[in-house]
1. If you go through region B:66-95, how many residues are outside any strand (DSSP E or B) and either buried (at least 20 other Cβ atoms within 10 Å of the Cβ) or of a type in the set (G, A, S) (or both)?
2. Which of (1) modelled with pLDDT of 95 or more; (2) outside any loop (DSSP other than H, G, I, E, B); (3) crowded, with 17+ Cβ neighbours inside 10 Å is the odd one out, the single condition B:T12 does not satisfy?
3. In region A:75-103, what count of residues is obtained for those that are under 27 Å from B:A50 (Cα atoms) and among the aromatic types (F, W, Y)?
Amino acid sequence: SAVISQKPSRDICQRGTSLTIQCQVDSQVTMMFWYRQQPGQSLTLIATANQGSEATYESGFVIDKFPISRPNLTFSTLTVSNMSPEDSSIYLCSALGGGGTEAFFGQGTRLTVV
Amino acid sequence: GNSVTQMEGPVTLSEEAFLTINCTYTATGYPSLFWYVQYPGEGLQLLLKATKADDKGSNKGFEATYRKETTSFHLEKGSVQVSDSAVYFCALSPVGTGTASKLTFGTGTRLQVTL
């Protein structure tokens with residue numbers, strides 16, 4: 001199994017600012033992902049974090065708003081840029097393990113934008 | 001596109017009651033199917049999975065069978081405990097990935113078990 005640590009666990013931010021969320025995996029993984037869980041809703045995939053190349057974004061998400069880095073096989077960051085109250089969500093990092101057949105999740109970062 | 005539909009909660013049961021949480025999906029071909037559980041204050045954990053039709057996933061007394069004919073993956077447990085109180089998410093991974101990547105989740109069903 002893979003253990004995923006996310007920092008910060010929660011934050012309250014002013015609108016117009018940016019927040020960078022860090023995700024550290026305790027072992028090398030091939031694929032990492034970022035999800036968003038809006039209040040009372042399900043998880044939505046934001047993007048696939050690709051090691052050594054640009055992230056692959058899902059429909060409705062763009063790099064300017066959610067820049068992602070993945071400098072190596074154990075670490076990734078997600079930045080939420082120019083935040084508005086609508087960005088208040090839980091952001092979760094995920095990594096594939098178990099030969100790719102199991103997705104592990106961090107505990108999430110609870111973001112509140114005021 | 002792919003989608004997952006779960007029964008709405010909350011579901012409130014007495015301890016030792018039988019649990020069913022319905023999940024149906026829309027996808028082309030044969031996606032992989034998963035149930036995840038989120039206990040209060042914790043992250044998502046994989047509960048069980050099935051990767052092909054008629055497979056049965058099981059773990060901790062929970063079971064779900066991959067039914068292609070009804071495009072369903074209902075979660076069941078014969079006797080729930082208070083410690084099973086959590087939010088349960090049904091999810092699928094697209095055909096062709098062969099992995100748990102790019103998951104599409106249902107809206108989650110909150111289960112509350114009382115003494």
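1. Filtering region B:66-95 down to residues outside any strand (DSSP E or B) leaves B:66, B:68-71, B:73-74, B:78-85, B:94-95.
Narrowing further to those that are either buried (at least 20 other Cβ atoms within 10 Å of the Cβ) or of a type in the set (G, A, S) (or both): B:66, B:73, B:78-80, B:83-85.
Total satisfying the criteria: 8.
2. (3)
3. Residues that pass the stated criteria total 1.
Table: residues versus (1) aliphatic (A, V, I, L, M); (2) in a loop (DSSP other than H, G, I, E, B).
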{"residue": "B:G1", "(1), (2)": "no, yes"}
{"residue": "B:A17", "(1), (2)": "yes, yes"}
{"residue": "B:T24", "(1), (2)": "no, no"}
{"residue": "B:Y30", "(1), (2)": "no, yes"}
{"residue": "B:Y36", "(1), (2)": "no, no"}
{"residue": "B:G41", "(1), (2)": "no, yes"}
{"residue": "B:Q45", "(1), (2)": "no, no"}
{"residue": "B:D54", "(1), (2)": "no, yes"}
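The values are calculated or read from the model by the stated rules, or taken from the named source; none is laboratory data. Quick caveat: nothing in here was measured; it's all calculated off a predicted structure. So basically every Cβ, Gly included, is an ideal-geometry build from the backbone, and we count neighbours across all protein chains shown.
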